[in-house]
1. Could we say that A234 is open to solvent by 70 Å² or more (accessible area, probe 1.4 Å), hydrophobic (A, V, I, L, M, F, W, C) and at pLDDT 95 or above here?
2. Go through segment 288-328 and give me each residue that's farther than 24 Å from L248 by Cβ and among the aliphatic types (A, V, I, L, M).
3. Considering only residues that are open to solvent by less than 30 Å² (accessible area, probe 1.4 Å), of a type outside the set (S, T, N, Q) and free of Cβ contacts under 8 Å to residues at least 60 places away in the same chain, which ones fall in segment 332-353?
4. Within segment 160-196, can you find the residues that are in contact (Cβ under 8 Å) with a residue 12 or more places away in the chain, surrounded by fewer than 21 Cβ atoms within 10 Å (Cβ to Cβ) and assigned to a loop (DSSP other than H, G, I, E, B)?
5. When residues of segment 63-114 are filtered for being without any contact (Cβ under 8 Å) to a residue 12 or more places away in the chain, assigned to a helix (DSSP H, G or I) and either among the hydrophobic types (A, V, I, L, M, F, W, C) or on the phi > 0 side of the Ramachandran plot (or both), how many remain?
6. Can you tell me which residues in segment 197-225 are among the charged types (D, E, K, R) and either open to solvent by 20 Å² or more (accessible area, probe 1.4 Å) or more than 24 Å from K250 (Cα to Cα) (or both)?
7. Would you be able to say whether some residue in segment 88-104 is within 18 Å of P3 (Cα to Cα), open to solvent by 20 Å² or more (accessible area, probe 1.4 Å) and not basic (K, R)?
8. Taking segment 352-368 only, how many residues are more than 12 Å from Q309 (Cα to Cα) and among the charged types (D, E, K, R)?
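The values are calculated or read from the model by the stated rules, or taken from the named source; none is laboratory data. As the structure is a prediction and not an experimental result, all values here were calculated from the model. When we count neighbours, we look across all protein chains shown, and the Cβ atoms used for this are built from the backbone with ideal geometry, even at glycine. Remember, those area values only see protein heavy atoms, side chains included, never the ligands or the DNA or RNA. Shrake-Rupley method; radii C 1.70, N 1.55, O 1.52, S 1.80 Å.
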Amino acid sequence: MEPFKNIFNRNVIETLGRLLAREIPRFSLKKWNADACADLESLEMKQRWLQVTHALARHLPSDFPEAAAVIRRVLHPSCECDPLREGTTAEGVQSWMIAPLADYAGIYGKNHLPVAMELLRELTMRFTSEFGVRHLLLHDAPACLQIMHGWLDDPNDHVRRWLTEGTRPRLPWGAQIPGFIADPTATQKILHALRDDPSEYVRRSVANHLNDIARDHPQLALQIAEKWMKNAPAPRKKLLRHAMRNLLKKGEPQALALHGLTAPQLGDVSFTLASSSVPFYGDLSCLLEMTSLATVEQRLRLDIIVHYQKANGSLSPKTYLWKEIVLPAGQVHRAERRQSFRKITTRVYHPGPHRIELAINGCVMAQREFTLLPHNA
């Protein structure tokens, strides 16, 4: 598989240069290519991205409004982002090459805020400018928010999503916004306006934003969720379930109750392992049998908590949602789950003792010990 960093390859960077050369008199393609593609093979993805960003600053007109006008002229004519569509071509810039353009607008447009924000709005239609806008939010959040509030009814759903995604306190890959982490109330107008957006793409971003708030201010997030849950239509309930996902995994009683997940009424819960040891990069098979003691059906959320061994021998828990079920009164539920230990880039496995727990509606109902065997054992 080709490395992900190659989305910023020599061909696409040179294509951007040719598009700029059409609009800028005396633009030197030779100097652009040498500058923007310098030592490209040795650079990782974000380094390539930033190299293009700073090359833009050296090769675009020094007057930012003039440079912004050039960028608008080289954009792809379609303003409907499609991640599966071909990237930047001779027809115009779109897809991942938008990212360095957005960073350029955010970094170098601070003294021309309305122009920079309007450019970011146009850029986000062709990919996303959620990372670029954060430079401006860090510079002058109140002014940015005032402008963004004027676009809450924008007909383009990529723009509406950008309003909530770009203002997330802890956007992955993006710079954190300490002011919004400390006081997330500044973005409440955006979230409230978009909570019932017709696009699930936008609503899911609202959920992610509220989940960010829940990390630092769980009680505030729960207060918002309780207000929103009143007379909530089904799409908003789905949004809130996604927004509360980390609090649900933690077994937060208020979050569980908000979604109708109360203390389980169950008889003996049988939770067994098919084997007491697991091959390195293998699977652990878990068997469950439980009986309802309730006189009415009950909604149950089943979580698996794996306590992975760390390099120092201590255990670190990780919670996985298994499933949610509706268990009829007096009925038996049987299920099997295979917990994978396949090789992934985000986790390093260490052989030795591990523990696995079954939690139902936030209550740990059973736990078992097992051993992860050494690699090639």
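1. yes
2. Within segment 288-328, just A311 meets the criteria.
3. A335, G352, listed by residue number.
4. R170, L171, W173, G174, A175, D196
5. 1
6. Scanning segment 197-225 gives D197, E200, R203, R204, R215, D216.
7. yes
8. Adding up the residues that qualify gives 2.
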